[in-house]
Amino acid sequence: MHVVATAGHVDHGKSTLVRALTGMEPDRWAEERRRGMTIDLGFAWTTLDPGGTVAFVDVPGHERFVPNMLAGVGPVPAAMVVVAADEGWMPQSAEHLAALDALGVRHGLLVVSRADLADPGPAMRRAAEEIAATSLGAVAAVAVSAVTGAGLDELRTALSRLVTALPAPAGGPVRLWADRAFTIKGAGTVVTGTLGGGELRTGDELELTAGERVVRVRGLQSLGEPVIAVRGPARVAVNLRGVGKDEVGRGAALLTPGCFLRTDLVDVRVHGDPVAALPGTLTLHAGSAAVTVRVRPLGADTARLRLARALPLRIGDRALLRDPGRHHVAGGVTVLDVVPPGLQRRGAAEARAVTLAGMDGVPDPAGELRRRRLVRRGELVRMGVPAEGDAVAGDWLADPEHWAWLGTRLAAEVAAHARERPLEPGVPVDALRHRLELPDRALVEALVRPPLVLRAGRVAAGAAGVPPELVAAVDKAFADLADRPFAAPEAHRLAELGLGPRQLGAAVRAGLVVQVADNVVLRAGAPERAAQVLAGLPQPFTLSEARQALDTTRRVAVPLLGLLDRTGATRRLPDDRRTVIDKDA
Ligand SMILES: Nc1nc2c(ncn2[C@@H]2O[C@H](COP(=O)(O)OP(=O)(O)O)[C@@H](O)[C@H]2O)c(=O)[nH]1
Ligand SMILES: [Mg+2]
C-alpha cells in the first residue's frame, strides 16, 4: 500500500479530488459535510494500475486547522499539492508547502484543480516554481476539473508514476503515531494512524508512548478489512485490549517494545529560519504530536529543545517547528541527540555547538561511543543507533580508547593501594568503582586483566600466568582468616585444597603468599606488616608477647620471627628477647 497526503489552501478542491479518485467520502463529520469544509483528517483509498492500493490522508486547508493538517502529513512520505486554477497561490498553499519542505517530504505531485473555472496556466506556473524550491523539487503537474472530469485520467497516471517511484518501505521497529482514537461498542478502543514502516500483527505487544505501559493488539484492520498483519507504509486501525480512548488520542504512539525512549530534551539541526531569530517558545510537530518547546540556540543552525511533554523521538527523526501565533513554519528539524549532555559547566554550550556542527542525524555508533564513553546497548538502540560490537561487560559498550584508559587507571589505583597498604589483599571492587566513577561493578571486574587478579571481591596485583585455580585455592585457604592477617592455614587445610609443596612454590613466585616454614604460608606482605605491629610493642619483647600482638600461634610466630631476624627487621638479643630495628634511626 502507498499513502499520499493532500495539501493546499481551503476550498481548492482537495476533498473533491479525493472523492473523484476513490468514490469515497473523506469528510467524516456531519459538521464537515454541512459546512462543506474539511476540519479534521479524512481517509479514503483506491487501486491504481500500476501502483496498487493508494490510501489518501485528506487534510484541512483552513488556517485554523493547520495543526490537524500537520498531524496527518507527519508520517506520510508523499503529497499531492492542490491549487485552484481560479484562485491561484494562497497563504495555506504556502504554509502547507513550507510544512512539507520542513518535514523533508521528497515525493509529490502538483494538481491544478477547478480548471473549468479559469485558465490553469498561471496557477500552475507559479505553484511549480514554488514547489521546485523545496524538498519536493521538480514535480509532475496536472490540470483537472472534478466537474467535467477533464484531466482525471492524467491524474491517475501521474499518481501511478508517483507511487511506483517511491522508495522501498523502511523495515525496523513500529512507531504508529495515533491520529484518531474512538470506542466501538463491544470491541473497545480503536486507534488509527499511518504506519510508516515495520510490521504490526494481531497479538503483538506494544509500548504505549514508550511508557512502562505495554498493550496488546487485539485486532487489526486496514482499509476497512480485518487483517492478521500489516506492513508499512499503510493506514491501519488497531483494536487494543484494556486501553481507554483518552490514553491513545492524537499524538500518542504505539511502539515496538525496547526500541524507543521518551525524551523531553533534544538537540536538533534547524533547517529554515536562522536559529538566533527563532522565538523562545514554539510548537514542535513530530509524527501526529504537537508539543510546546523552549528553544535554546546553540550554534548557527543548531538548538536545544525542551519539550513540555516527552515524546518517543530517535536520532535522525524529522519534525517541524511552528509559530502558531504567526501562522509561520519556522523550520524543519533533524534530531541529532535524544539524550544530550548537561550544559552546566562554563563553556559547555560553545563546546556542544562545535560537536553538533559535526553531526548530521545519521546514527553513528562509533561516534556515540566516543561521546558517551560507556553506554548500555539497549539505551543506544532506543536512541535509534544500531549497536553492534562486543559488550565489555553485561550489555555495556565502551569506546575502545576510553576503555584502555580505564584499564590503565585501574592498574594505577591498585598499585598505589598496594604501596600504601601492603597487607591488604587488594582494593575492594566497590572502592574502585567509585574511584573510576563507573556505573556498574561488572565494569570494574571486566577491567581486571593479568597481572591483576580478582579475588574475594577485591582487585589485587597478581602475577602474569598464574592459573586461576591456584589463585582460587589460595583465596579459599585464607578465607576463614580474613581478620587474622598473621594466622596461617592449617597443614591439613592446605592439603585438602591441593596446595602441596609445588603449588605453594608457584604461589610464592606469583607473589600471592610468603613461605615462612614448610607448610606455613602467610599472605604476601604479612612479614612487613608484622614488623610494623611489633614496633608498637615495648622493646625488647618476648616471643610470647609477639605471638599475642600478632594474634597468631607458635607454629607461625617462631619461624616468622626467624624470618624477620634474617631480613634485618628484628634483632635477637642474648636473652632471646627481640627488638625491632628502626631503619630510619
Ligand atoms: N467548478 C468546480 N468546482 C469545484 C471543483 N473541485 C471542487 N470544486 C468546488 O470547490 C469547493 C471546495 O471544494 P473542496 O473539495 O471542499 O475543497 P477543499 O477545501 O480543498 O477540500 C466545493 O464547493 C467544490 O464543489 C472543480 O473542479 N470545478
Ligand atoms: Mg477538504
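Backbone amide hydrogens, once placed in the peptide plane, bring Arg218 within less than 5 Å of Gly203, Asn239, Leu240, Arg241, excluding anything fewer than 5 places away on its chain.
The shape of segment 49-147 comes out rounded: with a ≥ b ≥ c from the C-alpha gyration tensor, a/c is under 1.5. Would you please state the base-10 log of I(q)/I(0) at q = 0.07, 0.09, 0.11 1/Å for the chain, with intensities from the Debye formula using one equal scatterer on every alpha carbon? Rounded to two decimals, the profile gives -0.60, -0.77, -0.99.
Taking amide H as placed 1.01 Å from N in the peptide plane, the amide H of Thr53 sits under 5 Å from that of His2, Leu48, each at least 5 places away or on another chain. Structural descriptor for segment 19-106: relative contact order 20 percent, calculated from alpha carbon pairs under 8 angstrom and at least 6 residues apart.
Could you give the Stokes-Einstein D for segment 286-331 in µm² per second, using the C-alpha Kirkwood radius, 25 °C, 0.890 mPa s? D, rounded to a whole number, is 208 µm²/s.
Counting only DSSP beta bridges whose two residues both lie in segment 1-110, roughly 35 percent are antiparallel. Which of the GluC sites (Glu not before Pro) found in segment 289-396 are in a DSSP loop and have at most 11 neighbouring Cβ atoms, other than their own, within 10 Å? Sparse-neighbourhood loop GluC sites (Glu not before Pro): Glu388. The share of alpha-carbon pairs in segment 373-504 lying farther apart than 18 Å comes to 61%.
Find, among the chymotrypsin sites (Phe, Trp or Tyr not before Pro) in segment 28-115, those assigned to loop by DSSP (not H, G, I, E, B) with at most 15 other beta-carbon atoms within 10 angstrom.
Qualifying residues, ordered by number: Trp29.
With a Förster radius of 56 Å applied to the beta-carbon distance between Arg484 and Glu401, the computed FRET efficiency rounds to 0.80. Computing FRET efficiency as 1/(1 + (r/R0)^6) for Ala140 and Asp86, where r is the C-beta to C-beta distance and R0 is 22 Å, gives about 0.55. Taking the helices alone, the chain has a mean residue ellipticity at 222 nm of -9000 deg cm²/dmol, built from -39,500 (n - 2.57) per DSSP H run of at least 4 residues and averaged over all its residues. Label-to-label distance for Ala416 and Ala187 is 6.7 nm, based on points extended 7 Å past Cα in the beta-carbon direction. Shown is the FRET efficiency for Val533 and Thr408, computed with R0 = 45 Å from the Cβ-Cβ distance and rounded to the nearest 0.05: 0.85. With the Cα gyration tensor of segment 1-67 giving a ≥ b ≥ c as the square roots of its eigenvalues, does the rule (a/c under 1.5 for rounded; else a/b larger than b/c for prolate; else oblate) give rounded, prolate or oblate? Prolate shape, in that a/c is at least 1.5 and a/b is the bigger ratio.
Between rounded, prolate and oblate, where does segment 164-265 land on the alpha carbon gyration tensor, with a ≥ b ≥ c its root eigenvalues, rounded for a/c under 1.5, else prolate if a/b exceeds b/c? Here segment 164-265 falls in the oblate category.
For the chain, a crude dipole built from +1 on the beta carbon of Lys and Arg and -1 on the beta carbon of Asp and Glu, taken about the Cα centre, is about 1460 debye to the nearest 20. As a length-normalised measure over Cα pairs under 8 Å and 6 or more apart, the relative contact order of the chain settles at 8 percent. Shown for the chain are the DSSP H helices of 15 Å or more along their axis, judged by Cα atoms, with a mean Kyte-Doolittle hydropathy of at least 0.0: 152-164, 468-479, 554-566. Each of Arg435 and Asp153 was given a label point 7 Å from its Cα along the Cα-to-Cβ line. The distance between the two points is 8.5 nm. Here the spin labels are modelled as points 7 Å beyond Cα on the Cα-Cβ line, and at Leu573 and Ala229 they lie 9.2 nm apart.
Its relative contact order, with pairs defined as Cα atoms under 8 Å and 6+ residues apart, puts segment 80-184 at 26 percent.
Bear in mind that the values in this text are calculations on the coordinates, not laboratory data. Since the model is a prediction, treat every value here as computed from it, not as a measurement. We place every Cβ from the backbone using ideal geometry, glycine too, and count neighbours over all the protein chains shown.
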